Amino acid sequence: MRSKIRLLAVSMLAIVAGSRPAAAAVQVVTTTADLGSLAQEIGGDRVTVTALAKGYQDPHFVDPKPSFILAVSRADLLIVIGRELEIGWLPPLISSSRNAKIQPGGKGYLDASMNVKILEIPTGQITRAMGDVHPQGNPHYWLDPENGKAVAKEIADKLSQLRPNDRAYFEQRLNDFVTRLSDAEKRWAAMMAPYKGTKVVTYHRSFPNFAERFGLEVIGYVEPRPGIPPSPQHTLDLINEMKKQNVKLVLVEPYFDLKTPNAIGRATGAEVLVMPPSVGGVKDVTDYFTLFDYDINLLIGALKKVGTATH
Ligand SMILES: [Zn+2]
């Protein structure tokens, strides 16, 4: 009798609250914080998002913590960057999670790279001598906001498949996100316009999509080959090339050692900028929008200092 009353009380409460018992939030796990931000934008209060890699970590090399396995084992949806970015750490996590839903090809698995613009897809044969080249192209594609929109659309479609009753909610959030991002893109493009064609060097190949979208030209890398640490000969060649082409900016991801970039800066008079490629890379970058806000303001501050406006 007592339990019946309690049950009645609980259902009365639900009626009083005016809501049908809400379906449990979709448990979303993303490999990176950038995907986490996009999933949160689209999923709103219908999702709980856990991002595995922190933005200040090299996304190629992430130490899987026990909490990662737990998160993946409970996930309804796993969203990955793909193009082999996570190949060094994600496959064992997926298999040890024993979660059938989120296995590659499963209903709860989303490779976010399927409809984005991918650069640097290698042609011809790939050899070991080329370093850690990604055969499926450069996986750092999220640094073009147009690719961010494509990923957001994929996420909206996938969430709608998993929760058909919430389709209108996800689509409305997608439309709102795309509108806000388009407005921001116009602002960013206008800010970067005076510096179109500026030549830069980056540590790793993290910024090709960013450079293409915002009009920078990447003429070289601190790494001699992707994933290979700097070597004295390559550094010397790079310094000479930078002097020849009057390159005044070196962009370094937060997880790389600054010793070689600083030496290059001293030899060439270039500014060395620690530029986060991901949400959470520095404290002020809390979501997909502030990532571009931060990076573009950082660049413009440095470009004003070195005086390389091209128009
Ligand atoms: Zn990479």
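The values are calculated or read from the model by the stated rules, or taken from the named source; none is laboratory data. Worth saying up front: this structure is predicted, and the values here are computed from it rather than measured. Note that we place each Cβ from the backbone using ideal geometry, even for glycine, and neighbour counts take in every protein chain shown. These accessible areas exclude ligands, DNA and RNA; they are computed on the full protein's heavy atoms, side chains included. Shrake-Rupley method; radii C 1.70, N 1.55, O 1.52, S 1.80 Å.
Looking only at residues that are more than 13 Å from the ligand (Cβ to nearest atom) and surrounded by 21 or more Cβ atoms within 10 Å (Cβ to Cβ) in the range 196-209, which one is farthest from the chain's Cα centre (by Cα)? Among them, the one singled out is THR198. With respect to (1) within 16 Å of the ligand (Cβ to nearest atom); (2) over 16 Å from VAL282 (Cα atoms); (3) crowded, with 21+ Cβ neighbours inside 10 Å, the lone exception for THR30 is condition (1). All conditions but one from (1) open to solvent by 20 Å² or more (accessible area, probe 1.4 Å); (2) of a type in the set (S, T, N, Q); (3) within 16 Å of the ligand (Cβ to nearest atom) apply to SER67; the one that does not is (3).
Using the structure shown, decide if ILE118 is within 16 Å of the ligand (Cβ to nearest atom), open to solvent by 10 Å² or more (accessible area, probe 1.4 Å) and within 14 Å of the chain's Cα centre (by Cα). Considered against the rule, which asks whether it is within 16 Å of the ligand (Cβ to nearest atom), open to solvent by 10 Å² or more (accessible area, probe 1.4 Å) and within 14 Å of the chain's Cα centre (by Cα), ILE118 comes out as yes.
Residues in the range 223-251 that are over 19 Å from LEU119 (Cβ atoms) and within 16 Å of the ligand (Cβ to nearest atom): PRO224, ILE228, PRO229, PRO230.
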